[in-house]
Amino acid sequence: MNFTWFASAYDVDDVPYRITTLVQIAGVLIVAAGVPRAFEDRNFVLFVVGYAVMRVALITQWLRAAAGCTGAERTMALRYAGGIALCQLGWWPALLVLDGTARTVALVVMIVAELSVPVFAERLVQTTWHPHHISERYGLFTVIVLGETVSAATVAVQSGLDEHEALARLLTVAAGGLLLCFGAWWIYFAEPIHDHLRSNRQAFVWGYGHYLVFASAAAIGAGLEVAVEYAVGRAHVSGAAATAALTVPAALYLFTVWLLHARHVKHGAAQLVLPVTALATLLCTLAGANGVLPAGLVTAAAVAAGITLRARRG
């Protein structure tokens, strides 16, 4: 997120900029390599190292920006660089030294500190970000995350070819997952949002709110994998729990997209479509193991309702 907002304001696309971006990509790869160790063994070394590589690269970018600015804008860039650097000093003891409750508390403190850096840095002056560019970048990342759901549905079909006895159940799960993915994509891009992003007050809420969009979109794919594992008898959970792994994040996604996007542009009955759809999707959990396809059909119905109401309005 920080890189997206920085790039919207200061992307000069020269050789140093591209090299620094490459360093950030390397940091992301290190973080990704450290995720399994962090979750399974509580070993955060690779995670912290990779994050430091990413953030040191961004600090360099902000220092370059400061060198080309004057006055309040220079102060803002230096605040960004200093704030990010201080946060890096905090992550090392938070994840590598502390343990138990102390680590949990430190983790919350560091997350709040990270999220506070832009608020602190831009108190005097705003970065000159472009609303169209920002909304496009966030939209592209949402599509990438939703692509994981398509991948999960593909796994379901492939598993079905090997598990012939569960083929019908797996294809039902895959169909429901694809409908959810399609609906999630359609609903996110149903209305342009760039006209709403006119100030930092709006942009901070919208930008940080996307943590829920990205997390819930990724969890839809993970939930679909759980539903697949349950269908072939590998997941030792109840049918309702397997379905909830999909319907809960789907409902959260629908409600969050309404909160961040749709409510700013919808009117009348159209305002109710996504909140009602989120609730209906959540209720599909009551169908137990058979709730995935109904959840997908509910989302598809929401798309159809949105199209109909928009046609009537237009």
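The values are calculated or read from the model by the stated rules, or taken from the named source; none is laboratory data. Everything numeric in this text was worked out from a predicted model, so none of it was measured. Every residue, glycine as well, gets a Cβ built from its backbone with ideal geometry; the counts of neighbours run over all protein chains shown.
Among all residues of the stretch 3-10, there is none that is surrounded by fewer than 18 Cβ atoms within 10 Å (Cβ to Cβ), over 18 Å from residue 116 (Cα atoms) and hydroxyl-bearing (Ser, Thr, Tyr). Residue pairs whose Cβ atoms lie under 7 Å apart, sitting 6 or more positions apart in sequence or on different chains, and linking a residue in the stretch 173-195 that is free of Cβ contacts under 8 Å to residues at least 60 places away in the same chain and assigned by TED's automatic domain parsing to the domain that holds residue 262 to a partner that is among the polar types (S, T, N, Q) and crowded, with 22+ Cβ neighbours inside 10 Å, are 181/149. Only residues that are closer than 16 Å to residue 9 by Cα, within 26 Å of the chain's Cα centre (by Cα) and of a type in the set (Ser, Thr, Tyr) were counted in the stretch 54-113, giving 2.
Among residues that are closer than 20 Å to residue 181 by Cβ and surrounded by fewer than 23 Cβ atoms within 10 Å (Cβ to Cβ), residue 304 is included. Within the stretch 275-301, being of a type in the set (Gly, Ala, Ser), in a helix (DSSP H, G or I), under 25 Å from the mean Cα position of the chain (by Cα) and under 14 Å from residue 177 (Cα atoms) holds for 295, 296, 300. Remark: pairs (first residue in the stretch 103-123, surrounded by 15 or more Cβ atoms within 10 Å (Cβ to Cβ); second residue β-branched (Val, Ile, Thr); Cβ separation under 8 Å; 6+ apart in sequence or on different chains) = 117/84. The single condition among (1) surrounded by fewer than 23 Cβ atoms within 10 Å (Cβ to Cβ); (2) at pLDDT 90 or above that residue 199 does not satisfy is (2).
Against the test of being without any contact (Cβ under 8 Å) to a residue 60 or more places away in the chain and outside any loop (DSSP other than H, G, I, E, B), the options 227, 245 yield a single qualifying residue, 245. The criterion of at least 1 residues that are β-branched (Val, Ile, Thr) and over 26 Å from residue 205 (Cβ atoms) is met, among helices (runs of 4 or more DSSP H) falling completely within the stretch 11-125, by 15-41, 45-67, 100-121.
Determine whether residue 243 is surrounded by 23 or more Cβ atoms within 10 Å (Cβ to Cβ), among the hydroxyl-bearing types (Ser, Thr, Tyr), under 19 Å from residue 167 (Cα atoms) and in the same structural domain as residue 135 (by TED's automatic domain parsing). Taking the combined requirement at face value, the residue satisfies it.
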